[in-house]
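To keep things clear, I will list the structure first and then write my remarks on it.
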Amino acid sequence: MSEFQASVFHKIRAAIYYVGFYTLTVIYASFCLLLSPFFGFRGRFKLVTVINFFYMFWLRVCCGVGVKVTGKENLPEDGAYVVVANHSSEWETLYLQTLVRPQCTVLKKELLKIPFFGWALGLLKPIAIDRSQRRGALKQLLTEGKSRLEEEIPVIIFPQGTRVPVGKMGKFNKGGAMLALSAGVPIIPMIHDAGHYWPGKSFAKKPGTVQVHIGKPIPVEGRTVDEIHQDMVEWLESHMRELKLI
């Protein structure tokens, strides 16, 4: 098969994926919006995100994209923690909700305006940041993030702030380290290479197995923000190199 034929084939497979994805999202999100008032947060999280397991199955069937997780035993079985992960693909929005359950995600508030998908996402107590208001965004992260952690809801943060394509590092902000120290909870570093198979804003997907690496908890007790942040960045960078992201 030539490169051109492979490209066309991948686009056809992606089109089939999206037909199923969007059709089911409209139907299931409507169902969740109707039933959500009858559930507390944890029940609502299970209700809304159970569909993500199907999304991952459908992605594997239609596009040949699977996943392999290394270090899953490093995720605490209970209690609160802050997950910091790289940001390179729409894939992580779907998959991480199947891996860390329940969770609260730090995201840009514009996502909540997306019909059906964003409306359902808004049911999950996200921390919706206005990225144009940097000081206000950090204050919101620390205030709302600490509140979620006190409820023993893990918080997911993408410290690069925006999607970074394969081959680039981006800049890791200190919000995750500041939040973890403020709340007295560990940081769990996480790296995936989904950008190789589902690049950000890309229609076509390349078949393959997404590798997810989960690191051991980074302690915060008796340490400074800079020390915590340095450990976090060193782990993320080393595993980005290992997965050939940089």
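Just so it is clear, none of the values below were taken in a lab; they were calculated from the coordinates. Quick caveat, the model's predicted, so the values are computed rather than measured. Cβ placement follows ideal geometry from the backbone for every residue including glycine, while neighbour counts extend to all protein chains displayed.
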Original post:
Considering only DSSP beta bridges with both partners in the chain, what is the antiparallel share in %, to the nearest 5?
Top reply: 20 percent
Original post:
Using the Karplus equation 6.51 cos²θ - 1.76 cosθ + 1.60 (θ = phi - 60°), what ³J(HN,Hα) coupling, rounded to whole Hz, does each residue of the range 117-129 give in order, writing x for Gly and Pro?
Top reply: 4, x, 5, 5, 4, x, 6, 9, 6, x, 9, 8, 9
**OP:** Would you grab the residues whose amide H sits under 5 Å from the one on residue 164? Only those 5+ places off in sequence or on another chain, please, with H modelled 1.01 Å from N.
**Re:** 87, 88
Original post:
Which residues in the range 164-196 place their backbone N less than 16 Å from a point set 7 Å from the Cα of residue 242 along the Cα-to-Cβ direction?
Top reply: 188-194
**OP:** Order these peptides, 11-17, 142-148, 79-85, by their mean beta-carbon neighbour count within 10 angstrom, highest first.
**Re:** 79-85, 142-148, 11-17
Subject >> Amide H contacts under 5 Å for residue 67, placed H, 5+ residues apart >> reply: 210
Original post:
Can you run phi through the Karplus equation (6.51, -1.76, 1.60; θ = phi - 60°) for the range 9-15 and list ³J(HN,Hα) in whole Hz, with x for Gly and Pro?
Top reply: 4, 5, 5, 5, 4, 5, 4
Original post:
Could you give the dipole magnitude of the chain about its Cα centre, charging the beta-carbon of Lys and Arg +1 and that of Asp and Glu -1, in debye to the nearest 20?
Top reply: 800 debye
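Which whole-number percent of Cα pairs in the range 3-242 have a distance greater than 28 Å?
Values: 8923 of 28680 pairs.
Cα-Cα pairs in the range 3-242 separated by more than 28 Å: 31 percent.
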Subject >> Relative contact order (%) - criterion: Cα under 8 Å, at least six apart; region: the range 3-242 >> reply: 27 percent
**OP:** As a check on your grasp of the helix formula, calculate [θ] at 222 nm for the chain: sum -39500 (n - 2.57) over DSSP H runs of n ≥ 4, divide by the residue count, round to the nearest 500.
**Re:** -15500 deg cm²/dmol
Subject >> From phi via Karplus (6.51, -1.76, 1.60), per-residue ³J(HN,Hα) for the range 105-116 in Hz, x at Gly/Pro >> reply: 9, 8, 9, 7, 5, 4, 4, 6, 8, 5, x, 6
Original post:
What whole number of Å gives the distance from the Cα centroid of the range 223-242 to the Cα centroid of the range 10-79?
Top reply: 30 Å
Original post:
Taking K and R as +1 and D and E as -1, what net charge do the other residues with C-beta under 12 Å from the C-beta of residue 227 add up to?
Top reply: -2
**OP:** Scan around residue 193 for amide H atoms under 5 Å from its own, H built in the peptide plane at 1.01 Å from N, and keep only partners 5 or more places away or cross-chain.
**Re:** 211
Subject >> Cβ-placed point charges (K, R +1; D, E -1), dipole of the range 103-246 about Cα centre in debye, nearest 20 >> reply: 740 debye
Original post:
DSSP loop GluC sites (Glu not before Pro) in the range 195-246 with at most 11 other Cβ atoms within 10 Å of their Cβ, which ones?
Top reply: 221
